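Where a number appears in this text, it was derived from the coordinates with a stated rule and is not lab data. All figures in this text were calculated on a predicted structure; none of them were measured in a lab. Every residue, glycine among them, receives a Cβ derived from its backbone with ideal geometry; neighbour counts consider all protein chains shown.
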Amino acid sequence: MAGLVQARRDGGGEAPAPQRMERLLLAGLVLSGDNLAAGFALGTYQVGIVLAAAVFGVVSVAMSLAGLELGARIGAAAGERSELIACVLLIVVGAVIAAGVL
């Protein structure tokens, strides 16, 4: 929600500030929390650690690459509104997960 509010406030046409490494690391840590929960679930089903790690690695790399590519395209097309779109998409995904659809 904070990102959504910030995107609405910063709609004044300024160029976006470059991302700092600390912020990127924090975002990666927070967004990987679902991997921790999935790991707990896989542990209860007694899935082998090597198989689980391989699947997590492949899926994480594939989704990261897809996100980077789509983000670049959406960012180029949406311009200043790209941060707002990203925040709205994250909120929608969270709502869908909370509703139990995914």
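Summary of values
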read-out: A27/A78 FRET efficiency (R0 22 Å; Cβ-Cβ; nearest 0.05); value: 0.65
read-out: Anisotropy class of the stretch 42-102 from Cα gyration tensor, a/c 1.5 cut; value: oblate
read-out: Gained length - A95 relative to A52, 0.36 nm times residue gap less alpha-carbon distance; value: 12.8 nm
read-out: Peptides 78-88, 51-61, 21-31 ordered by average Cβ neighbours within 10 Å, highest first; value: 78-88, 51-61, 21-31
